[in-house]
Amino acid sequence: MIYFLFVLGFFVLIKGADLLVNGASSIAKRFKINDLVIGLTIVAFGTSAPELFVNISASLNGSSEIAVGNILGSNIANILLILGVSATIKTLQVSSSTVWKEIPFSLLAVIVLGFLANDRIIDGASLSQLSRIDGLIFICFFVIFIYYIIEISKKSKNSGIAEEVSSIKPMSIFKSLTFILLGLLGLVFGGEWIVNGAIKIAENAGISKSLIGLTIVAVGTSLPEMATSVVAVYKGKNDIAIGNVVGSNIFNVFWILGVSSIIKPLPFQPSCNVDIMVAILSSFLLFIFLFIGQRHNIQRGQGIMFLLIYVLYVVYLVLTDGNKIA
């Protein structure tokens, strides 16, 4: 039953986020709140809800390996897997502001994570962890990012995230509240089932919780980003596809790890430094690829290269897992 709930948990989690976004957006539109504001708050936070609730459940269950692995694995999968798949479908054109501001900011997020998580290496402390103070630092960076997004969105006549909200029609207050309640219940129970299932799978299969968090849980909670990016590429809306991935990576570190570590400090395993390096490499490659071949474009060959690197990374995780059994 626990394995069935583990699989069901992903569906319930993603559907819960969708219901929460639709219900909250409907109420906001009923009160004449601007589509852009709804998009930057309810929709943006809603698409990060799966990772957030899995992390909260994992940290409360004392499974910090799943919490940290989920974020690092999601960030790596977002670039190497999701952008890899998207670029093989169609060449992705990237706007200048994304190239010079948002991608470097997502790279900064992982570098800051590397510094704050390595107390043992930097300060000679007996334990490395993401403390509540680290969480507050993450949230401060997150506030700066939100301010930046609001400013550039005001200057943009066609905001992809606002366009996404414009298709949502107001429902009755009762139906909207029902959607919000069902969405929250789906997020809570889905997150709990996924974490419990991941722990059980790790115990029974003799593999580490870190491996489960970096692969199955990370990819599963990134499914909304995958669906959004692929659909955006088919519709020719490259800015949404790229912005969705880069924005999600920034949200994951500064918002989700920030909230998670404030709720309960997260012990950090030194072996996770390899995953941080892969996350940094992924963001750096994304930036460099935009200046190779067609300027400010991610081409099909580069997308295939992303996918190959991701496969090699997963193979490495499996082969080295015996050294970090939880």
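The values are calculated or read from the model by the stated rules, or taken from the named source; none is laboratory data. Remember, it's a predicted structure, so these values are computed and weren't measured experimentally. Cβ sites come from the backbone with ideal geometry, for glycine too, and all protein chains shown count toward neighbours.
Give segment 94-123 a look and list any residue that's under 20 Å from ASN55 (Cα atoms), aliphatic (A, V, I, L, M) and crowded, with 20+ Cβ neighbours inside 10 Å, or say none.
Within segment 94-123, ALA109, VAL110, LEU113, LEU116, ALA117 qualify.
Taking GLU225, is it in contact with a helix residue (DSSP H, G or I) (Cβ under 9 Å, 6 or more places away or on another chain), within 25 Å of LEU81 (Cα to Cα) and in a helix (DSSP H, G or I)?
Taking the combined requirement at face value, the residue satisfies it.
Give the residues of segment 59-70 that are among the hydrophobic types (A, V, I, L, M, F, W, C), surrounded by 24 or more Cβ atoms within 10 Å (Cβ to Cβ) and within 13 Å of PRO265 (Cβ to Cβ), sorted by residue number.
Hits for segment 59-70 are ALA67, VAL68.
Looking for whichever is among the hydrophobic types (A, V, I, L, M, F, W, C) and closer than 15 Å to VAL278 by Cα here; the options are LEU72, LEU116. Which one fits?
None of the others qualify; the one that does is LEU72.
Answer yes or no: is there a residue in segment 286-297 that is assigned to a helix (DSSP H, G or I), out of contact with any Leu (no Cβ under 9 Å at 6 or more places or on another chain) and in contact (Cβ under 8 Å) with a residue 40 or more places away in the chain.
No, segment 286-297 contains no residue that is assigned to a helix (DSSP H, G or I), out of contact with any Leu (no Cβ under 9 Å at 6 or more places or on another chain) and in contact (Cβ under 8 Å) with a residue 40 or more places away in the chain.
Looking only at residues in segment 254-304 that are farther than 30 Å from GLY191 by Cα and small (Gly, Ala, Ser), which one is surrounded by the fewest Cβ atoms within 10 Å (Cβ to Cβ)?
The selected residue is GLY293.
Being within 30 Å of GLY135 (Cβ to Cβ) and either modelled with pLDDT of 95 or more or more than 18 Å from the chain's Cα centre (by Cα) (or both) is the filter here, so list the residues in segment 285-306 that pass it.
Answer for segment 285-306, where residues must be within 30 Å of GLY135 (Cβ to Cβ) and either modelled with pLDDT of 95 or more or more than 18 Å from the chain's Cα centre (by Cα) (or both): LEU285, PHE287.
Within segment 263-273, can one find any residue that is of a type in the set (Lys, Arg), part of a helix (DSSP H, G or I) and either in contact (Cβ under 8 Å) with a residue 60 or more places away in the chain or closer than 16 Å to VAL85 by Cα (or both)?
No: segment 263-273 contains no residue that is of a type in the set (Lys, Arg), part of a helix (DSSP H, G or I) and either in contact (Cβ under 8 Å) with a residue 60 or more places away in the chain or closer than 16 Å to VAL85 by Cα (or both).
SER126 is checked against (1) surrounded by fewer than 18 Cβ atoms within 10 Å (Cβ to Cβ); (2) assigned to a helix (DSSP H, G or I) and fails just one. What number does that condition carry?
With respect to (1) surrounded by fewer than 18 Cβ atoms within 10 Å (Cβ to Cβ); (2) assigned to a helix (DSSP H, G or I), SER126 is out only on (2).
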